[in-house]
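> Okay, here's the structure, questions in a sec.
The values are calculated or read from the model by the stated rules, or taken from the named source; none is laboratory data. Model, not experiment: these values are computed from the prediction. Neighbour counts run over all protein chains shown; Cβ positions are idealised from the backbone, glycine included.
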Amino acid sequence: MDVYIDKPKCTGCHHCFDVCPVAVFEMRGRGTSGNPDADGANKDNAPENMKWKGVSDSAIKQKWENVKDGHNHFAEKSDGKSGGISVGVNGSACILCQACLIECEGECIHIVDDTGTKYQSIYK
Ligand code: SF4
Ligand code: SF4
């Protein structure tokens with residue numbers, strides 16, 4: 001299984017990190033304006049158009065930046081509960097339980113199984 005994130009759409013909600021039973025995700029920092037990948041935000045196999053280049057998707061940002069649900073949306077770094085950006089560092093462990101796929105605020109998790117079938121998150 002390959003698991004990667006469409007980085008500009010990640011709000012940093014930590015839902016994927018919190019629900020995954022096999023620790024596929026890590027939360028990394030959003031880097032600096034000069035080096036957005038300074039903390040390894042692009043350490044998964046996201047294709048070029050889904051890599052983190054320091055700019056969030058405008059529609060996702062508009063949807064979530066002022067939502068008061070206890071998450072520090074789009075914060076540069078994780079505070080342990082929210083913030084930062086998700087990276088699919090351990091996709092080979094994925095058991096396709098789909099828990100992350102219904103919890104992802106940015107609808108930005110992509111999973112490709114060993115047959116090439118693709119799954120994408122849809123926020124419940
Ligand atoms: S579908 Fe895979 S990546 Fe998502 S929560 Fe389940 S095991 Fe983790
Ligand atoms: S659930 Fe989605 S939006 Fe939230 S941190 Fe994970 S990848 Fe990002």
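> Filter segment 115-124 for residues that are surrounded by fewer than 16 Cβ atoms within 10 Å (Cβ to Cβ) and assigned to a loop (DSSP other than H, G, I, E, B); which is modelled with the lowest pLDDT? Give the steps one after another, and end with the answer.
Going through segment 115-124, the residues surrounded by fewer than 16 Cβ atoms within 10 Å (Cβ to Cβ) turn out to be 115-118, 120, 122-124.
Now narrow it down to the ones that are assigned to a loop (DSSP other than H, G, I, E, B): 115-117, 122-124.
Numbers: Thr115: 96, Gly116: 96, Thr117: 96, Ile122: 87, Tyr123: 84, Lys124: 71.
Among residues in segment 115-124 that are surrounded by fewer than 16 Cβ atoms within 10 Å (Cβ to Cβ) and assigned to a loop (DSSP other than H, G, I, E, B), the one modelled with the lowest pLDDT is Lys124.
> Against the conditions (1) assigned to a loop (DSSP other than H, G, I, E, B); (2) touching a helix residue (DSSP H, G or I) at 6+ places or on another chain (Cβ under 6 Å), where does His71 fall short? Just the number, please.
(2)
> Moving on to the next point. Of all residues in segment 10-38, which are within 12 Å of Cys104 (Cα to Cα) and away from ligand 1 (no atom under 16 Å from the Cβ)?
Selection gives Thr11, Gly12.
> Now, a different point. Conditions first: (1) under 12 Å from the mean Cα position of the chain (by Cα); (2) within 14 Å of Asp2 (Cβ to Cβ); (3) hydroxyl-bearing (Ser, Thr, Tyr). Ser92 passes all but one, so which condition is the exception?
If we test Ser92 against (1) under 12 Å from the mean Cα position of the chain (by Cα); (2) within 14 Å of Asp2 (Cβ to Cβ); (3) hydroxyl-bearing (Ser, Thr, Tyr), just (1) comes out false.
> If I go through segment 70-103 residue by residue, how many of them are farther than 24 Å from Ala38 by Cβ and touching a residue at least 24 places away in the same chain (Cβ under 8 Å)? Write out each step before concluding.
Of all residues in segment 70-103, those farther than 24 Å from Ala38 by Cβ come to 70, 92-103.
Going one step further and asking which of them are touching a residue at least 24 places away in the same chain (Cβ under 8 Å), we end up with 92-97, 99-100, 103.
Final tally of qualifying residues: 9.
> Restricted to segment 85-114, and to residues that are under 21 Å from Lys63 (Cα atoms) and in a strand (DSSP E or B), which residue is farthest from ligand 2 (Cβ to nearest atom)? Reasoning before the result, please.
Step one: list which residues in segment 85-114 are under 21 Å from Lys63 (Cα atoms), which gives 85-86, 100-110.
Retained after the next criterion (residues that are in a strand (DSSP E or B)): 85-86, 109-110.
Details: Ile85: 7, Ser86: 4, Ile109: 5, His110: 10 Å.
The qualifying residue farthest from ligand 2 (Cβ to nearest atom) is His110.
> Something else: Go through segment 87-101 and report how many residues are within 11 Å of ligand 1 (Cβ to nearest atom) and in contact with a Lys or Arg (Cβ under 8 Å, 6 or more places away or on another chain). Can you show your working first?
Going residue by residue through segment 87-101, those that are within 11 Å of ligand 1 (Cβ to nearest atom) are 88-101.
So of that shortlist, the ones also in contact with a Lys or Arg (Cβ under 8 Å, 6 or more places away or on another chain) come out as 89.
Residues that pass the stated criteria total 1.
> Continuing with the same structure: Of all residues in segment 29-45 being buried (at least 22 other Cβ atoms within 10 Å of the Cβ) and under 11 Å from the mean Cα position of the chain (by Cα), which is nearest to Asn66 (Cα to Cα)?
Among them, the one singled out is Ala41.
> Using the structure shown, decide if Ala75 is under 14 Å from the mean Cα position of the chain (by Cα), among the hydrophobic types (A, V, I, L, M, F, W, C) and more than 22 Å from Lys118 (Cβ to Cβ).
Working: under 14 Å from the mean Cα position of the chain (by Cα): yes; among the hydrophobic types (A, V, I, L, M, F, W, C): yes; more than 22 Å from Lys118 (Cβ to Cβ): yes.
Yes; evaluated as a whole, the condition is true for this residue.
> Right, another one. Which one of these is within 11 Å of ligand 2 (Cβ to nearest atom) and of a type in the set (Gly, Ala, Ser): Gly12, Gly34?
None of the other options fit; the residue is Gly12.
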